[in-house]
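Below is one structure, written out as structure tokens; the observations come after it.
The values are calculated or read from the model by the stated rules, or taken from the named source; none is laboratory data. Since we're looking at a predicted model, the values are computed, not measured. Methodologically, a virtual Cβ is constructed for each residue, glycine included, from the backbone with ideal geometry; neighbour enumeration extends over all protein chains shown. What goes into the accessible areas is simple: the full protein's heavy atoms, side chains included, and nothing from ligands, DNA or RNA. Shrake-Rupley method; radii C 1.70, N 1.55, O 1.52, S 1.80 Å.
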Amino acid sequence: MAKMRVETQYICSSCSASSYKWVGQCGTCGAWNSLRLAASRTGGIGQILASQSPQNLAEVRAEGNKRYQTGLTELDRVLGGGIVPGSVVLLGGEPGIGKSTLALQALGMLSSSHSTLYVSAEESLEQLALRYQRLGLASQDLQAVCDGQLENILSQLDTGEYRVLVVDSIQTLSTETSGSGPGSVGQVRECAERLVAEAKRRGIAFILIGHVTKEGGLAGPKTLEHLVDTVLYFEGDATSRYRLVRAWKNRFGSVNEVGVFAMTASGLKPVKNPSAIFLSGAKSLSSGTAVFASLDGSRPMLIEVQALVDQSPLGNPRRLSVGYEATRLNMLLAILHRHAGVNLLDQDVFVNIAGGLRVVETAADLAVAAALISSLADRPIARQMAFFGELGLSGEVRPVPRGEERAAESVKLGFNHLIAPAANKLASGPETADTTVTALTTVAELHTLVSGP
Ligand code: TYD
Ligand code: MG
């Protein structure tokens, strides 16, 4: 008989890296004094499912097209057509953005056709019921329980009744078997691992709600992302009524698909025509603002990029960006300096994407660069201009996918002067009598266009 190894493991509470011996500084993220004792590993999903012997894949019965449709069209689309039985969806977002509302709505809709359970470890049943009535779901048949103990939730599964469960939230769950303290990375990860294993074993679908920290990672367990099948992130400004749900990872659908919702007095409502909602709609022209014609999954959307460039009092000027990757911003600054002679070395640089959105497409390069140039030159960009295109390290403007669709959407919304990569060959596209296309090949041309001769 194989000898059982009892292993002591330590988990870093800031990056979740594991180590077999305790050290003062985490070797992965460099944090000091962050290693905590973890329970001896159960081996996770692999171990639980490992009892099966190898099978011919062609003969394995897979119900590929079975999905639980929530009836919230935007959510179903982001999921790739609905929730797949036996799958685990992680729904992440900042506190107050609407995660519980969306999960409750989705589950409420599902409850008319499937047996569903809402597990809340954050709100009382009374609070949940109030919200449920407010959402107009009172006629459905949704079961709910308030519990934060993993073992109790697992025992609910033994009734064999439930098909879809929401766990709100994964960070407030705790388990008796974990060696690390409640709320710690080790616990959260262990709870998630066991829920994923149960989902696979029983063919039950889980929606796990996870809070995102200010830094943008799912608090502590960034590592949850690889455990689950689908990761959805909520984006948007808690002060604006529009919310975006983005598929960050999806084993059962395409990534970078987005769903758009509006928060109303009776919950989240899908927005069918979202292309213009994230524009600020400012009446007066101001420098440092450029409109980006984005294409997220299948949705063309116009997004406002704001930049502020200001003389820095610091020896080491600030580079801050919200909603846009900081490393990409630094790269753009270097390209602008080297290939267009735009010197921002002594300037503080701030970039913000309006509406609390996150821009991940490299096609936003031209718009971000244009906003920076416009702010530095203090020269507003003409109102009817929309930008898209990628910048290469040698200062070249590179083509981006589906230029025609971006152009068509822009023109539809009144942005009839397109600044686009020459290689996208737009001229033959949407050009009509009052549409202008400025085709660019280098960043220097963009500089001349925005800052003037
Ligand atoms: P909530 O789902 O509780 O956020 P999370 O679970 O992500 O922390 O929703 C938070 C906000 O949504 C709250 O500020 C109130 C607002 N809201 C509405 O505007 N209308 C509604 O019908 C509901 C239920 C909430
Ligand atoms: Mg909540």
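Stokes-Einstein D for the chain at 25 °C, 0.890 mPa s, Kirkwood Rh over Cα pairs, in µm²/s?
101
How much accessible area per residue does the chain have, counting only protein heavy atoms and a probe of 1.4 Å, in square angstrom?
Averaged over the residues of the chain, the accessible area is 46 Å².
Classify segment 98-164 as rounded, prolate or oblate, taking a ≥ b ≥ c as the square roots of the eigenvalues of its Cα gyration tensor: rounded when a/c is under 1.5, otherwise prolate if a/b is larger than b/c and oblate if not.
Oblate is the answer for segment 98-164, as a/c is 1.5 or above yet b/c matches or exceeds a/b.
Roughly how many debye, to the nearest 20, is the charge dipole of the chain about its Cα centre, given +1 on each Lys and Arg Cβ, -1 on each Asp and Glu Cβ, and no other charges?
440
For segment 277-451, what does the alpha-carbon gyration tensor say about shape, rounded, prolate or oblate, given a ≥ b ≥ c as the root eigenvalues, a/c under 1.5 as rounded, and a/b over b/c as prolate?
Taking the square roots of the gyration eigenvalues as a ≥ b ≥ c, segment 277-451 is prolate.
Residues of segment 343-383 with backbone nitrogen within less than 15 Å of a virtual label 7 Å along the Cα-to-Cβ line of E390, please, listed as ranges.
Only 360-367 fall inside the zone, counting backbone N under 15 Å.
Which order do the peptides 196-204, 73-81 come out in when sorted by mean C-beta neighbours inside 10 angstrom, highest first?
Ranking, from highest mean packing down: 73-81, 196-204.
Write out the cysteines belonging to the chain for which the nearest other cysteine Cβ is not under 4.7 Å, or none if no such cysteine exists.
By the Cβ distance rule, which asks for a partner under 4.7 Å, the isolated cysteines are C146, C191.
Run the helix sum for the chain: -39,500 (n - 2.57) per DSSP H stretch of 4+ residues, divided by residue count, reported at 222 nm to the nearest 500 deg cm²/dmol.
-7500 deg cm²/dmol, from helical runs alone.
Heads up, I need the accessible area for F350: 1.4 angstrom probe, whole protein in place, Å², nearest 10.
Solvent-accessible area, nearest 10 Å²: 60 Å².
Rank these residues by their accessible area, most exposed first, probe 1.4 Å: C29, C15.
C29, C15
Protein chains only, probe 1.4 Å: how do L376, L195 rank by accessible area, largest first?
Result of the area sort, largest leading: L376, L195.
What's the carbon and sulfur percent of the chain's accessible surface, probe 1.4 angstrom, rounded to a whole number?
52
Report the label-to-label distance for D434 and T73 in nanometres (one decimal), using points 7 Å from each Cα along the Cα→Cβ vector.
Reported label-point gap for D434 and T73 is 3.0 nm.
Let me check something: with ligands and nucleic acids excluded, how do L449, L372 order by accessible area (1.4 Å probe), largest to smallest?
The ranking, largest first, comes out as L449, L372.
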